[in-house]
Every structure is written in C-alpha cells, then in structure tokens.
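Novice: Take a look at this one; I'll ask things after.
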Amino acid sequence: MQRCNDGSKKIKRKTIEKNRRTHMKKLCFKLNSLIPSLFSQPFKLITQESQFDHSIAYIEQLRKRIEVLKDKRDEALRTVNDDIESNRCCNVKDNRSVVSCEGVSPSSTVEVQELDGGLKVTLISSSRRKVLFSKIISIVEDGGAEVVKGGYTTVGDKVIYTLHAKARVTRIGIEVTSVHQKLLELMNRSS
C-alpha cells in the first residue's frame, strides 16, 4: 500500500511541475508578445534570460519615457497657468516654424507647429466653449494633412486639444497658414 501511495505522489508532483512549466511558458510567450523588439523577431531563437533582459530594458525605457512625458505635461500646465495669469494667448519656446495665435481671445490659444513633414496643433480653450474635436480634425485634414494621433484633456476650466499630423502628399506638404487661419476662425466663432 505504501508503494502505491509513493507512486501516486510522484505522479502528482510531476503533473504539478508540468503544469507550472506550461504556465511559465505561456507567461513568457505573453511577455514576448508585449515587448516590441522581441515581437518583431518571432522566429529568432532567444534564450529566456535574454527575453527577460530585453523586457527589463524595455520597461526601464518606458519608465524614462513616462518621466519625460510627465515633465512635458507639467511644463504645459505651467505654460497654461502662466498664460492665464498674464493674459497672453501664446507661448513659444523653440525656434521651429510656429504660427502665432494673435486674434484669439485671451482665454484661448492656437498653436500650429510645423515639424519634419508634419504638423503639431495645440489648442487651449475654456471648457465653457463648445469646440468639436471633429471640426479641428477636419480643418487639419482639409489643409492636406493626415491626422496620425490626437486627443484632448480637461485641466481645471481649460480644454487642451493636441493633434499630430503628417502630410498626405509629402512633396506638396501642408498649408500651415491656412490651417492656422481656419483654426483661429473656429475658435473665434465658438466664443
């Protein structure tokens, strides 16, 4: 009787160990699929240790990126607050091609920045104003751009709209001045 009991315990331990290894394999595969540098090389043999090293490096890179983005967000919030306090409507910090925002009420900001083959649009408006995000996208697309990403957030009584776009046809480019003018008109109509 004792031998049967020992045999069934060994089988049970082997089954538990096999299930643990299978579960670990699934978790490693899932981790592999979440890391871009590993996901792009599905047929390349990579040791588990190397997978973990890649994963750790990627997570550290994401942490640094989060810190940079938090700093940018904090800077944008300081800029918004400074603009509100000083009644200015625009704050330009670099020397890239930026169209100013004259002609907009002090509670609004329109900034259209030309980047390498693309465009960055930042609008800040009061949350009491009704500006449709789809209208902003339409204006940018009418100027010859394709919106790559965009979004908006509410901070206090301000709504910050941000769009990144690339030129639909690179040799033609984007009509930055036209986009800026139409966005100004949109902001003035919504006031």
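Novice: Could you tell me which residue of the range 160-189 is farthest from SER108 (Cα to Cα), considering only residues that are surrounded by fewer than 17 Cβ atoms within 10 Å (Cβ to Cβ) and of a type in the set (Lys, Arg)?
Specialist: ARG171
Novice: Open to solvent by 40 Å² or more (accessible area, probe 1.4 Å), at pLDDT 80 or above and of a type in the set (Asp, Glu) - does that describe any residue in the range 115-133?
Specialist: The answer is no; no qualifying residue exists.
Novice: Tell me which residues, restricted to the range 56-96, are outside any helix (DSSP H, G or I) and either surrounded by 11 or more Cβ atoms within 10 Å (Cβ to Cβ) or modelled with pLDDT of 75 or more (or both).
Specialist: Matches in the range 56-96: ARG88, CYS89, CYS90, ASN91, VAL92, ARG96.
Novice: Out of VAL110, VAL99, which single residue is open to solvent by less than 60 Å² (accessible area, probe 1.4 Å) and at pLDDT 85 or above?
Specialist: From the options VAL110, VAL99, the qualifying one is VAL110.
Novice: Is it fair to say GLY156 is open to solvent by 50 Å² or more (accessible area, probe 1.4 Å) and at pLDDT below 85?
Specialist: In short, yes.
Novice: Cβ-Cβ below 8 Å, separation at least six or inter-chain, first residue in the range 158-176 and closer than 14 Å to GLN113 by Cα and among the basic types (Lys, Arg), second modelled with pLDDT under 85 and exposed (fewer than 15 other Cβ atoms within 10 Å of the Cβ): which pairs?
Specialist: LYS166/GLY117
Novice: Here is a follow-up. Show the residue pairs meeting these rules: Cβ distance below 9 Å; 6+ apart or different chains; first residue within the range 130-141 and assigned to a loop (DSSP other than H, G, I, E, B); second residue of a type outside the set (S, T, N, Q) and surrounded by 17 or more Cβ atoms within 10 Å (Cβ to Cβ).
Specialist: Hits for this filter: VAL131/LEU123; VAL131/VAL159; VAL131/TYR161; VAL131/LEU186; VAL131/MET187; LEU132/LEU186.
The values are calculated or read from the model by the stated rules, or taken from the named source; none is laboratory data. Note that this is a predicted model, so its numbers are computed, not measured. No Cβ is skipped: glycine too gets one built from the backbone with ideal geometry, and neighbour counts run over all protein chains shown. Ligands, DNA and RNA are stripped out before the accessible areas are found, and what is left, the full protein with its side chains, is counted by its heavy atoms. Shrake-Rupley method; radii C 1.70, N 1.55, O 1.52, S 1.80 Å.
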